[in-house]
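The values are calculated or read from the model by the stated rules, or taken from the named source; none is laboratory data. It should be emphasised that the depicted structure is a prediction, and the values quoted were computed from it without experimental measurement. So basically every Cβ, Gly included, is an ideal-geometry build from the backbone, and we count neighbours across all protein chains shown.
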Amino acid sequence: MKNNFFIKLGAIAAIAIGMFFVSCTKKGDLETVRVAQFNEFFLYMPLYLADAKGFFAEEGLRIEVVNTGGDDKTLAAVMGGSAMFGIADPTFAAIAKERGGDGKVIASIVNGVPFWGVTRNHEIPEITDPAQLSGYSVATFPEPSTAFLLQRDMFERAGLRPNIRQGAFGTLWTMVEAGQADIALELEPNVSIAANQGGKVLYSLAEVYGDFAITGVTVRERTTKKRPEIVQRFVNALQKSAQFAHAYPDSVALYAEKLFPNIDRTVSANAINRVISTNTLPKDVIISEEAWEKAIQQRHGVGEIRSLETARSVLDMSFAKKAVEGRK
């Protein structure tokens, strides 16, 4: 699987270089930077809010967001020069570092594990101890997703044999409704959609695992050296967004409603409140050493990262710390 990952990464990077379009251009008074993301996700709200509230413009930037369809493809876009910044699972940069990549993880977008266990069976009590999972099946994204690995770990912590049903994004709650699983391990806003349809939230992996580097901003190391001012301004805007979200959650819910008009207003508000109250939408953009260690240890445990020392070198919080200090 690792070999396939790097074959795909190299091929995509080659295509990106072959197409060659500039990831940073000057238009008027604002400098346009291209940002690659897996897809448009509710949990990437700090990025969208920074744009909608004008925080990027305040920093002299205009962002152009492109969807790649995968964390590996997002990293490839950054490494190949077709995007300056990437929003994705930051451990992919650590995996690539061992094969000569020069990616740096410079900020947090999602802090903690943003998954909640939801069921239609109200007779199941809220789960405060992993041992309470005994006898229940859980639907998760396919292996080796973070959701699958951590849900498996939760079973094993209690000495239980993992009882997991794997399903694609958007199908997990349907599996519960069809009786194929007792619990769905879902992201927002799917958690709040399920709750709005009579579901019950049983547990939060954010509470189980605490700080965890789940989604971050990746940039090439050469960019941090050649264009540090742009990197700093980009991170500054994200920090403004994070602070605004925690200060004015109701306003963020209104922006979320505009950005995701297909989501019910009540659902959107509940989803925003849930991710803010659990600090899944972080208070600041600094990824702690503890959060990074948990993330790379997980990938190390399944053999995707060989050298923890190399993986640790990928984290660069110098820009994030300056952004936070500048906002105090």
Whichever residue in segment 239-295 is under 19 Å from ASP51 (Cα atoms) and acidic (Asp, Glu) and, among such residues, is surrounded by the most Cβ atoms within 10 Å (Cβ to Cβ): ASP284
Which numbered condition ALA181 fails, given (1) in the same structural domain as PRO46 (by TED's automatic domain parsing); (2) over 24 Å from PHE38 (Cα atoms): (1)
Top-ranked residue of segment 168-205 - restricted to ones that are over 17 Å from GLY112 (Cβ atoms) and among the charged types (D, E, K, R), ranked as surrounded by the fewest Cβ atoms within 10 Å (Cβ to Cβ): GLU177
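Please determine whether any residue of segment 29-42 is part of a helix (DSSP H, G or I) and within 28 Å of GLY210 (Cβ to Cβ). Talk me through it step by step, then tell me what you get.
Going residue by residue through segment 29-42, those that are part of a helix (DSSP H, G or I) are 42.
Remaining after also requiring within 28 Å of GLY210 (Cβ to Cβ): 42.
For segment 29-42, residues part of a helix (DSSP H, G or I) and within 28 Å of GLY210 (Cβ to Cβ): present.
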Hits in segment 164-186 (condition: of a type outside the set (Val, Ile, Thr) and under 11 Å from PRO142 (Cα atoms)): ARG165, GLN166, GLY167, ALA168, PHE169, LEU172
Wholly within segment 128-247, strands (runs of 3 or more DSSP E) carrying at least 2 residues that are touching a Lys or Arg at 6+ places or on another chain (Cβ under 9 Å) and farther than 23 Å from ILE296 by Cβ: 138-140, 200-204
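If I filter segment 262-271 for residues that are touching a helix residue (DSSP H, G or I) at 6+ places or on another chain (Cβ under 8 Å) and in a loop (DSSP other than H, G, I, E, B), do I get at least one hit?
Going through segment 262-271, the residues touching a helix residue (DSSP H, G or I) at 6+ places or on another chain (Cβ under 8 Å) turn out to be 263-271.
Okay, now just the ones that are also in a loop (DSSP other than H, G, I, E, B), so 263-264.
Within segment 262-271 (the criterion being touching a helix residue (DSSP H, G or I) at 6+ places or on another chain (Cβ under 8 Å) and in a loop (DSSP other than H, G, I, E, B)), the answer is yes, since at least one residue qualifies.
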Segment 297-328: number of residues that are among the hydrophobic types (A, V, I, L, M, F, W, C) and touching a Pro at 6+ places or on another chain (Cβ under 9 Å): 4
